[in-house]
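Since the structure comes first, as structure tokens, the remarks are kept for the end.
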Amino acid sequence: MADDIPTVLFGAFDRHNFGDLLFPHVVAALLPGRQLIHAGLATRDLRPYGGHQVRAIAELATELRDQPLNIVHVGGELLTCDTWQAAIMLQAPEQARHIVDQYDQLSDARMAWAQAMLGVQAQAPYCVGRELFPRANRVVYCAVGGVELAGRSPAMRSEVLAKLRSADMVSVRDEVTQGHLAAAIKATLQPDPAVMVEALCGEEIKRHAHRGEVARVRAAFPQGYLAVQLSADFGDDQTLGIIAAQLDAAAHAADLAIVLFRAGAAPWHDDLDCYRRLAKKMHAPAVWLFTSLHLWDICALIAHSRGYCGSSLHGRIVAMAYGLPRLNVHHPLQEGHVTKQDAYCATWELFGVPTVAAATEITEQFIRAMQVDVSLLQDHRTELVHQFRQAFAASVAA
């Protein structure tokens with residue numbers, strides 16, 4: 001990839017979501033000396049949360065249309081995020097609820113609103129290429145996901161496949177996505193960029209571990225704690241009651257505190273009220289509601305925990321990057337469906353490590369996770385780092 005022209009790092013890091021905020025840090029660290037432009041669908045400043053100053057891709061397409069450049073899609077479940085979802089997740093929570101109510105049952109009108117809001121005509125707006133930048137030197141997709149692509153509309157699938165065919169290199173992070181694309185393109189497998197977080201960002205994470213709220217958590221719970229995260233769709237009373245009882249039992253069995261944290265503050269991610277209600281239902285003697293939304297604080301919280309449990313795939317992957325016990329939890333409505341957590345674990349997780357559990361299985365499966373030999377977890381993280389570096393050198397940095 002030519003290094004004497006701008007390289008656009010493109011992804012969903014224009015909103016607060018833990019994994020998406022991580023990706024451009026990882027990719028930038030592996031492209032030293034490049035002229036980098038951070039771009040999403042909207043102009044946003046995520047620097048207060050450890051992210052980047054982000055440019056809107058539609059504006060860049062006008063400004064740089066006739067210039068040579070490289071485009072790197074930096075990771076995430078980009079292939080299945082439609083224009084409506086993307087536009088809603090870029091709103092403030094209260095505004096998002098109002099817009100969803102306004103356009104409920106009005107599919108054509110809501111798509112028109114979303115396209116106008118983002119300044120794009122695409123159905124899969126986080127996939128871009130030479131249709132916007134005709135002089136692009138190289139268009140690369142780095143470890144992207146699309147587990148639910150088969151369930152998207154024929155028009156959206158067709159658009160995604162056409163854009164991927166026109167790219168110079170496509171790598172995906174799981175075998176399910178690879179299977180969806182197999183008839184159209186040959187996509188290589190590559191671990192998620194977040195496997196590199198300790199190797200590339202470890203010093204920054206250490207600094208955050210020794211200050212602020214992370215330092216207070218570590219001082220309060222010298223015996224250790226379990227880092228727990230749940231998305232807003234776990235917020236019904238019955239499910240929260242089940243999870244509270246399971247976390248109480250896990251805390252007692254492992255003699256750990258419970259620290260609840262948010263991995264994403266964008267709409268349809270994590271909800272603070274849900275955590276407050278969960279904490280009230282719990283009886284464990286030590287429960288902390290972690291309030292920081294800073295990327296490196298969240299990484300430090302996980303890195304210094306005794307393990308991670310939650311719905312976030314990237315909570316798991318950061319725990320993997322530190323060789324820690326980890327367990328994902330699926331919502332009852334996901335029973336029988338292959339999720340991105342299922343797909344990633346089936347592709348990259350160490351054999352014998354618990355992967356995705358029902359809410360009723362949290363205690364049993366997390367205790368199992370803690371019984372896995374630590375040396376195996378450490379060796380596995382080293383192997384994933386090696387595999388990512390090899391794949392990145394062959395695709396993005398080539």
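Computed values, structure above
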| read-out | value |
| --- | --- |
| GluC sites (Glu not before Pro) restricted to DSSP loop in segment 312-362 with at most 15 other C-beta within 10 Å | E335 |
| Inter-probe distance in nm under a simple model that places probes 7 Å from Cα toward Cβ, at D108 and E383 | 5.4 |
| Two-decimal log10 I(q)/I(0) for segment 197-383, as the Debye equation yields it once each C-alpha is a single scatterer, q = 0.09, 0.10, 0.17 Å⁻¹ | -0.28, -0.35, -1.11 |
| Per-residue [θ]222 nm for the chain (sum of -39500 (n - 2.57) over DSSP H runs n ≥ 4, rounded to 500) | -13500 deg cm²/dmol |
| Segment 311-398, relative contact order in percent, only Cα pairs under 8 angstrom and at least six apart counted | 33 |
| Centroid-to-centroid separation of segment 27-75 and segment 128-163 [C-alpha atoms, Å] | 17 |
| Relative contact order, percent, segment 205-291 [alpha-carbon distance under 8 Å, six or more residues apart] | 33 |
| Normalised contact order of segment 125-218, rounded percent, pairs of Cα under 8 Å and 6 or more residues apart | 25 |
| By average C-beta atoms within 10 angstrom, highest first, the peptides 121-130, 25-34, 232-241 | 121-130, 25-34, 232-241 |
| Net +/- balance of residues flanking S231 in space, Cβ distance below 9 Å, scoring K and R +1, D and E -1 | -3 |
| Centre separation in Å (Cα based) which lies between segment 366-398 and segment 211-262 | 25 |
| Proximal charge balance of G40 [Cβ under 10 Å; K/R count +1, D/E count -1] | +1 |
| Rough spin-label spacing in nm, given labels placed 7 Å along Cα→Cβ, for L376 and E175 | 1.8 |
| Expected-Rg normalisation [2.2 N^0.38 Å, Cα atoms] applied to segment 247-348 | 1.08 |
| Dimensions in Å of segment 7-190 - Rg and Dmax from alpha carbons | 15.8, 49 |
| For the chain, built as a Gaussian network whose Cα springs stay under 10 Å, the top-fluctuating residue of A343, A209, A162 | A162 |
| 5 Å-binned pair-distance histogram of segment 185-250 (Cα, whole percent) | 3, 11, 13, 14, 15, 16, 15, 7, 4, 1, 0 |
| Kirkwood Rh in Å, taken over the chain so that all alpha-carbon pairs contribute | 21.4 |
| Solution diffusion estimate, µm²/s, Stokes-Einstein, segment 5-49, Kirkwood Rh from C-alpha pairs, 10 °C, viscosity 1.306 mPa s | 145 |
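Every number in this text was worked out from the coordinates using simple rules, so none of it is lab data. Everything quoted here is computed from the prediction, not taken from an experiment. Note that each Cβ is placed from the backbone with ideal geometry, even for glycine, and that neighbours are counted across all protein chains shown.
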